[in-house]
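The structure appears right after this line, and notes come after that.
The values are calculated or read from the model by the stated rules, or taken from the named source; none is laboratory data. Predicted model, so just to flag it, every value in this text is computed and none were measured. All Cβ positions, glycine included, derive from the backbone under ideal geometry; neighbour counts span all protein chains shown.
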Ligand SMILES: [Zn+2]
C-alpha cells in the first residue's frame, strides 16, 4: 500500500476512497462532513505505556506518524478516520527485538513472524555479522521497503574477514587501522554500535585488545558494544569479564547478548554472572543484558563429536570409527561433551528434531530410544546412538542445556531486555529454533500470564522503553503524546507462542493490531502488506562526537 500523509488520508477518507483501498470492516466514513482530527483511534484498551507504570484504560489517537492523544476519557469515534477496536486488549509500544538475524529482510520485507509477535523494530547484524558496505545495503533495503523498523550494528567478524580473511593471528598495525576505518565508515553510514561474535570464526581469533580498539571507534560516535561472548559454557565468567573490560577500556555501554549458561556444571551460576554485571554497574559502567526465553538451543548432532572426527565428512568418520583406537577416542569425546556441555548425564535432555533417515524419531529423546530398545539410558548408549545417527548423515537436535532457574533469574534482572536471536525464516522452510516465531509472545503468555514470573508492565518495559533507550530512540518505546506511533494491540488472555522445537513453523497468536510509524502492518489479525519501517540511527549522539 502506498504511504499517504495524514491530510491526504483524511481527504481520501472523506471521499470514501481510502476505506475502499483498505477494504476492512472497521474503516469509518466521516459523518456529515465533520472534522476528522485523527487517522486512527485505538479505542477501549488498557494502555501499558512501556515505562513499567501500571496499565490504565485509555483511548489512543494517532495523526500521521505520531501519537496525537492519550485520553482516559473516551474519544469520540467520529473524530477518527479509522477506529481500531481494543476492548479487552492491551495497547503497548511496539516491541523492539535487540538481537534479530534478519539477513533475509530484503527477500521477506514484511517479516511476518516478527510482526505477529508485536515486534515493530529489529536490531540487526548481531554476533559480528554485517552486510558490507553497510551504506549500500541500507540504500537497497530502503528502495525495497520493509514493515518493521531496523537498526544496524557494525559487525566485527565481517570487518575482520574483509581485512584478514580467516587468519588465526593478531592484526598488523596497518590491518588494525583498516578495521578501525571500516568501523568508522559503518558508524557514519548509520550503525548504532559494534557487535562481536567471539565464539565464531574469525572473531574467535581476536584478542581483547583488538576489540577494545574497534569499540573505541564506535564510542566516538556515541555507539554501544554488543557481544555474543567468547564462551557460554565452562568459560562464561572469563567471557563476561572480557565484555566488562571492553566497556571500561573503550568507554561505552556494553550489551551481553542472549545471556545463558550452557551445560550442567554451570547451572545456577547466573547468580555469579549477574553479580558481575551488578558490580560493573555499581562501578559506573553501563552494562545491560538481553535474553531469549527458552531453555534449549538448537543445532546438529555433529556438535557431540570432536571436531577432528568430522573433518572430511561421513565417509571419513566411518573410516576413523573402523579403527578401534580412534573409535575409543571418539566415544570418549562424545561422552565428555554430553557431560560438560550438553545436559550432563540425563539423556532426556537430548531431543531429535529433524531426522531425515528416520522420521519416527523426530521429537524423541535419547532416553526414549533407550527405553524402546530395552537399554540403560547411560553415556555408553548415548555415544553408540550418536554414532549410529552421525554415520547416517546426522540429524538436527534440540539441546535442553539451559537451567530454567537461570533463565528466570536472568529474565527478572532489571537490566535484562527480551530479544529473540531468531532468524527470518520462510514459513515451512528448514528447521529453525522456535525463538524466531515465539519469543515475545512466550514471555507474555508463559512467563507473565501462566507463571507470574514478571508483571505485564515489567515484561513490556523489557520489550520497549529499555531497548529503545539502549539503541538511542527517545521517541520510541513509550506511549505518550507526541512520540512516534509504533504500537501493538494484543489480548493478554490469549497471547502465546505456538512454535515448538519439533514443529517450529507456527506464528504466535493473540496480536490484533500492529502499527509502525502510525500505519497498520497488522490490522484485525491480518497482514496489511504496508512497509512503513524506517532505518533507525542513534539520536543521542554524545557531545563532541564527529
Ligand atoms: Zn549469538
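Quick one: which strands (runs of 3 or more DSSP E) lie wholly within region 27-128 and hold at least 1 residues that are more than 15 Å from residue 479 (Cβ to Cβ) and in contact with a strand residue (DSSP E or B) (Cβ under 7 Å, 6 or more places away or on another chain)? Break it down stepwise before answering.
On the way: elements: 38-47, 56-63, 66-71, 80-85, 90-93, 95-97, 119-124.
It comes to 38-47, 80-85, 95-97, 119-124.
Among what's in region 232-246 and is within 22 Å of the chain's Cα centre (by Cα) and outside any helix (DSSP H, G or I), pick the residue that is farthest from residue 215 (Cα to Cα).
Of all residues in region 232-246, those within 22 Å of the chain's Cα centre (by Cα) come to 232-233, 236, 239-240, 243-244.
Keeping just the survivors that are outside any helix (DSSP H, G or I) gives 232-233.
Working: 232: 21, 233: 25 Å.
This residue is 233.
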Handout entry: Filtered residues of region 211-228 (kept if within 16 Å of the ligand (Cβ to nearest atom) and in a helix (DSSP H, G or I))
Key = 211
Problem - Subset of region 229-238 that is crowded, with 21+ Cβ neighbours inside 10 Å and modelled with pLDDT of 95 or more - its residue that is farthest from the ligand (Cβ to nearest atom) - result: 236
Practice task
Within region 291-308, identify whether any single residue is within 16 Å of the ligand (Cβ to nearest atom), farther than 30 Å from residue 378 by Cα and crowded, with 20+ Cβ neighbours inside 10 Å, and answer yes or no.
Solution key: yes
Completion exercise
When (1) crowded, with 19+ Cβ neighbours inside 10 Å; (2) modelled with pLDDT of 95 or more are applied to residue 272, the one that fails is (1)
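Hey, could you check region 275-285 for residues that are out of contact with any helix residue (DSSP H, G or I) (no Cβ under 7 Å at 6 or more places or on another chain) and assigned to a loop (DSSP other than H, G, I, E, B) and say which is surrounded by the fewest Cβ atoms within 10 Å (Cβ to Cβ)? Reasoning before the result, please.
We begin by selecting, within region 275-285, every residue out of contact with any helix residue (DSSP H, G or I) (no Cβ under 7 Å at 6 or more places or on another chain); these are 275, 277-279, 281-284.
Keeping just the survivors that are assigned to a loop (DSSP other than H, G, I, E, B) gives 283-284.
Values: 283: 11, 284: 8.
Top of the filtered list is 284.
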Problem - Every pair of residues 6+ apart whose Cβ atoms lie under 6 Å, when the first sits in region 224-250 and is outside the structural domain of residue 186 (by TED's automatic domain parsing) and farther than 15 Å from residue 195 by Cβ while the second is within 16 Å of the ligand (Cβ to nearest atom) and part of a strand (DSSP E or B) - result: none
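For region 254-267, which positions are over 13 Å from residue 295 (Cα atoms) and surrounded by fewer than 19 Cβ atoms within 10 Å (Cβ to Cβ)? Even if it seems obvious, please write down each step before you answer.
Restricting attention to region 254-267, the residues satisfying the condition of being over 13 Å from residue 295 (Cα atoms) are 254-257, 265-266.
The one that is over 13 Å from residue 295 (Cα atoms) and surrounded by fewer than 19 Cβ atoms within 10 Å (Cβ to Cβ): 265.
Could you list, in sequence order, the residues of region 425-444 that are out of contact with any strand residue (DSSP E or B) (no Cβ under 7 Å at 6 or more places or on another chain) and in a loop (DSSP other than H, G, I, E, B)? Spell out how you get there, then give the answer.
Start the filter on region 425-444 by keeping residues that are out of contact with any strand residue (DSSP E or B) (no Cβ under 7 Å at 6 or more places or on another chain), which leaves 425-430, 434-435, 437-438, 442, 444.
425, 426, 427, 428, 429, 430, 434 - these are the residues of region 425-444 that are out of contact with any strand residue (DSSP E or B) (no Cβ under 7 Å at 6 or more places or on another chain) and in a loop (DSSP other than H, G, I, E, B).
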Completion exercise
Counting only residues in region 247-269 that are more than 16 Å from the ligand (Cβ to nearest atom) and within 15 Å of residue 226 (Cα to Cα), the one farthest from the chain's Cα centre (by Cα) is identified as 249
